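Read the structure below first, then the notes.
The values are calculated or read from the model by the stated rules, or taken from the named source; none is laboratory data. These numbers were taken from a predicted model, which means no experiment stands behind them. Heads up, the Cβs are rebuilt from the backbone with ideal geometry, glycines too, and the neighbour counts pull from every protein chain shown. Note: areas computed on protein heavy atoms with side chains; ligands, DNA, RNA excluded. Shrake-Rupley method; radii C 1.70, N 1.55, O 1.52, S 1.80 Å.
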Amino acid sequence: MAEDIVLSDLQLDLMRVLWRAGELNVADATAALADRGLAHTTVATLLTRLEKRGVVESRREGRLLVYRSCVTEAQVRRSMVSSLISQVFRGDSKALLAHLVSEREVAPGDLEQVRALLADADADTKADKRGTP
């Protein structure tokens, strides 16, 4: 699997379908993406390209190829956010957070959740330094 997993919107939609279903053949994936109006061949091409990148794998079931994800949604999210921070914010994650807050992308209730997450992360870091679980 490639370390950098950056996917297009369409690829992400396809991966979300795979993550939900576990395994799908091309026809089922096409049906699951019906709102996109994609041709069967388009979905097949997307899956083939994702397989070449190591993001999905296939197995033969009769005459059909059945696909499943080789990566988790968390791995993809982590990779894509890392890429965003690297490319847009020159590696400064604080700049991303500052941007979200200054652009009002974070609602007031969300800020409380972020504070709690930061407090938990801080507590975990301190526990790690003390060598306690």
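Tabulated values for the structure
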read-out	value
Förster radius 30 Å - calculated FRET efficiency between residue 113 and residue 68 (Cβ-Cβ, nearest 0.05)	0.40
Residue among 108, 70, 37 farthest towards the positive dipole end of the chain, charges placed on Cβ	70
C-alpha long axis of helix 93-102 to longest principal axis of the chain, angle in °	90
Accessible surface of the chain [probe 1.4 Å, protein heavy atoms]: carbon and sulfur percent	52
Calculated SAXS-style log₁₀ I(q)/I(0) at q = 0.10, 0.16, 0.22 Å⁻¹ - the chain, Debye, Cα scatterers	-0.49, -0.93, -1.21
Set of lysines near residue 94 by C-alpha distance (under 24 Å), chain-local residues within fewer than 8 positions excluded	126, 129
Net dipole in debye of the chain [+1 Lys, Arg Cβ; -1 Asp, Glu Cβ; about Cα centre; nearest 20]	360
Amide H contacts of residue 56 (H built 1.01 Å from N, under 5 Å, at least 5 apart or other chain)	51, 70
Cα gyration tensor, the range 41-86 - rounded (a/c under 1.5), prolate or oblate	prolate
Virtual paramagnetic centre 7 Å along Cα→Cβ of residue 48, amide N under 14 Å, in the range 8-28	26
Rg ratio (alpha-carbon, reference 2.2 N^0.38 Å) - the range 61-133	1.63
Amide H partners (placed H, <5 Å) of residue 25, local residues excluded	67
Tilt relative to the chain, helix 40-52 - C-alpha long axis, 0 to 90 degrees, to 10	60
Degrees, to the nearest 10: 108-130 long Cα axis against longest axis of the chain	80
